[in-house]
Amino acid sequence: MIAIQNARILTPYRIVEGCLLMEDGRISGIVRDVPAGVEKVIDARGCYVSPGFIDLHTHGGGGHDYMDGTVEAFAGAGRTHLMHGTTALLPTTLTCSDDELFHVFNVFETVLATLKDGPEFLGLHLEGPYFADSQRGAQDPRYLRKPSSEHFMRILDACPRIRRMTVAAELPGALALGVELKKRGILASMGHTDADYEDVLKAREFGYDFVTHLYSGMSSLRRLRARRHLGLVETAFLMDDLTVEIIADGKHLPPELLRLIVKNKAWDRICLITDSMRGAGMPEGSRPRLGSLSDGQETVIADGVAYLPDRSAYAGSVCTADRCIQTMINQAGVPLLDAVRMMTVNPARALGIDGRKGILRPGMDADVCVFDQAIHIQHVFVHGELRYSAEEC
């Protein structure tokens, strides 16, 4: 049994001062003092102890992109995010050729069988290839396509590890895809889309109940022949039960926009994500490539975000989970407990794993992070195993 004592425990529905107990990879209790028979005691020194952070949307970090298609890339990116409090994540792909995508599928099987010292890889998030060209953002237009049953069934049958897929739900074939995703227990998310209110209404009936990076790569209010039509942005606010994710780096969404979101969406319908590229965890001035190492776009990290070299536009997020929490507290005025829930409870619920992750209660996975008042990570446990300690770095 392992005990974390002198802790301010964020369950994360309340703060309990005391001691968190872990045994056999599970939370075994929250008590006042360390009981007899504990094998290892870690002194939190008054720091916060919370469920490990869950990132539903990340492309890489530490100089690695999951689309590099190597075990080393998964290991390096995973380790980077672990050091910032992420105990579970969904490696996210980009729009690419089928051959490249299937290669990532094969590598991911090796990753699951061999990597045991990083965060838990919960499965894959496919971001593409079924996107509206007008909302593709940085996605490669050469590989955009409409979702035919022949194509999406081949992808889904090839990889049982897919846990989430982002789709432009207004495309022909997208509704049939939504039904298939729902049948397989895969989270169907709307993104890189020109869907209007009516499209979203219909998509909800066919299984789409999540929104990919709100405001980024999606439709908003527009006027056609004198009539105003809501886009996905406004529809997400209107539909109280529709869950959204937001890139909480304080750059892609400025503080005032973050405040608007939390004013219009309940805390339990917001998930924080990094949407990080390979530059996450790298220092200012670094020049990581966006996309493949061979022919990707050069970028430069400055002011906490990746820019194109001429600084004309953002080229990707370099955010980490701890920074997401910091941003929501310091820039959006969100209370600590709510901010933590947006990176723990809510992602677990969205992915259907809230029966084992996201909350500190007996029987749940012992995925735990310890951080100070400034949200600087001190220790990270995955399944009750200490996998990162700032004291050792």
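The values are calculated or read from the model by the stated rules, or taken from the named source; none is laboratory data. None of the values given here were measured: they were computed from a predicted structure. So basically every Cβ, Gly included, is an ideal-geometry build from the backbone, and we count neighbours across all protein chains shown. What goes into the accessible areas is simple: the full protein's heavy atoms, side chains included, and nothing from ligands, DNA or RNA. Shrake-Rupley method; radii C 1.70, N 1.55, O 1.52, S 1.80 Å.
Within the stretch 143-162, how many residues are charged (D, E, K, R) and either more than 21 Å from GLY217 (Cα to Cα) or modelled with pLDDT under 95 (or both)? Before you say what the answer is, go through the steps one by one.
Taking the stretch 143-162 first, the residues charged (D, E, K, R) are 145-146, 150, 154, 157, 161.
Add one more test, that the residue is either more than 21 Å from GLY217 (Cα to Cα) or modelled with pLDDT under 95 (or both), and what stays is 150, 154, 157, 161.
Qualifying residue count for the region: 4.
Taken across the stretch 260-275, residues that are part of a loop (DSSP other than H, G, I, E, B) and within 16 Å of the chain's Cα centre (by Cα) do occur, with at least one present. Taking the criterion of being farther than 25 Å from GLY352 by Cα and either without any contact (Cβ under 8 Å) to a residue 12 or more places away in the chain or among the hydrophobic types (A, V, I, L, M, F, W, C) (or both), the residues of the stretch 256-284 that qualify are GLU256, LEU257, LEU258, LEU260, LYS263, MET277, ALA280, MET282.
For GLY316, the criteria (1) assigned to a loop (DSSP other than H, G, I, E, B); (2) open to solvent by less than 40 Å² (accessible area, probe 1.4 Å); (3) modelled with pLDDT under 95 hold in every case but one, which is (1).
What's the total number of residues in the stretch 204-238 that are assigned to a loop (DSSP other than H, G, I, E, B) and either in contact with a Leu (Cβ under 9 Å, 6 or more places away or on another chain) or surrounded by 19 or more Cβ atoms within 10 Å (Cβ to Cβ) (or both)?
Here is the first cut: in the stretch 204-238, the residues assigned to a loop (DSSP other than H, G, I, E, B) are 206-207, 212-217, 219-221, 225-226, 230.
Among the residues that remain, those that are also either in contact with a Leu (Cβ under 9 Å, 6 or more places away or on another chain) or surrounded by 19 or more Cβ atoms within 10 Å (Cβ to Cβ) (or both) are: 206-207, 212-217, 219-221, 230.
Count: 12.
Can you name the residue in the stretch 93-112 that is part of a helix (DSSP H, G or I) and open to solvent by less than 30 Å² (accessible area, probe 1.4 Å) and is also farthest from SER148 (Cα to Cα) among such residues? Filtering first and then ranking leaves VAL111. Filtered by the rule that a residue be over 13 Å from GLU205 (Cα atoms) and part of a helix (DSSP H, G or I), the stretch 158-179 gives a lone residue, ALA158. The residue of the stretch 14-53 that is most open to solvent (accessible area, probe 1.4 Å), among those that are acidic (Asp, Glu) and part of a strand (DSSP E or B), is GLU17.
Within the stretch 297-313, which residues are buried (at least 17 other Cβ atoms within 10 Å of the Cβ) and not polar (S, T, N, Q)? Talk me through it step by step, then tell me what you get.
Looking only at the stretch 297-313, we keep the residues that are buried (at least 17 other Cβ atoms within 10 Å of the Cβ), and these are 299-301, 305-307.
Matches in the stretch 297-313: VAL300, ILE301, VAL305, ALA306, TYR307.
Apart from one condition, ILE247 fits all of (1) surrounded by 15 or more Cβ atoms within 10 Å (Cβ to Cβ); (2) among the aliphatic types (A, V, I, L, M); (3) farther than 21 Å from ARG136 by Cα; the exception is (3). Answer with yes or no whether THR87 is among the β-branched types (Val, Ile, Thr), within 23 Å of ASP322 (Cβ to Cβ) and in contact with a Ser or Thr (Cβ under 9 Å, 6 or more places away or on another chain). So THR87 does not fit the description; no. Exactly one residue out of LEU56, LEU126, LEU115 is of a type in the set (A, V, I, L, M, F, W, C) and open to solvent by 10 Å² or more (accessible area, probe 1.4 Å), and it is LEU115.
Of these, LEU201, LEU253, which one is within 16 Å of THR327 (Cα to Cα), free of Cβ contacts under 8 Å to residues at least 60 places away in the same chain, not in a strand (DSSP E or B) and not polar (S, T, N, Q)?
Numbers: LEU201 fails: within 16 Å of THR327 (Cα to Cα).
Just a single option satisfies the conditions, and that option is LEU253.
Of the numbered criteria (1) at pLDDT 95 or above; (2) crowded, with 16+ Cβ neighbours inside 10 Å; (3) over 25 Å from PRO12 (Cα atoms); (4) charged (D, E, K, R), the one ARG289 fails is (1). Does ALA315 satisfy being hydrophobic (A, V, I, L, M, F, W, C), out of contact with any helix residue (DSSP H, G or I) (no Cβ under 7 Å at 6 or more places or on another chain) and in contact (Cβ under 8 Å) with a residue 24 or more places away in the chain? It is true that ALA315 is hydrophobic (A, V, I, L, M, F, W, C), out of contact with any helix residue (DSSP H, G or I) (no Cβ under 7 Å at 6 or more places or on another chain) and in contact (Cβ under 8 Å) with a residue 24 or more places away in the chain. Among the residues of the stretch 71-88, those identified as more than 12 Å from the chain's Cα centre (by Cα), open to solvent by less than 30 Å² (accessible area, probe 1.4 Å) and not aromatic (Phe, Trp, Tyr) are ALA73, GLY76, ALA77, GLY78, THR80, LEU82, GLY85. The residues of the stretch 159-171 that are open to solvent by 10 Å² or more (accessible area, probe 1.4 Å) and in contact with a Pro (Cβ under 8 Å, 6 or more places away or on another chain) amount to a single one, LEU171.
Picking from PHE74, PHE53, which residue would you name as being over 18 Å from PHE371 (Cβ atoms) and aromatic (Phe, Trp, Tyr)?
Details: PHE53 fails: over 18 Å from PHE371 (Cβ atoms).
Checking each option against the conditions leaves just PHE74.
Of everything listed in (1) under 25 Å from GLU284 (Cα atoms); (2) open to solvent by less than 40 Å² (accessible area, probe 1.4 Å); (3) in contact (Cβ under 8 Å) with a residue 60 or more places away in the chain, the single unmet condition for ASP68 is (2). Condition check: more than 27 Å from ASP295 (Cβ to Cβ) and at pLDDT 95 or above. Does ALA174 satisfy that? Spelling it out, ALA174 is indeed more than 27 Å from ASP295 (Cβ to Cβ) and at pLDDT 95 or above.
Would you call ALA138 open to solvent by 20 Å² or more (accessible area, probe 1.4 Å), modelled with pLDDT under 95 and of a type in the set (A, V, I, L, M, F, W, C)? Criteria met by ALA138.
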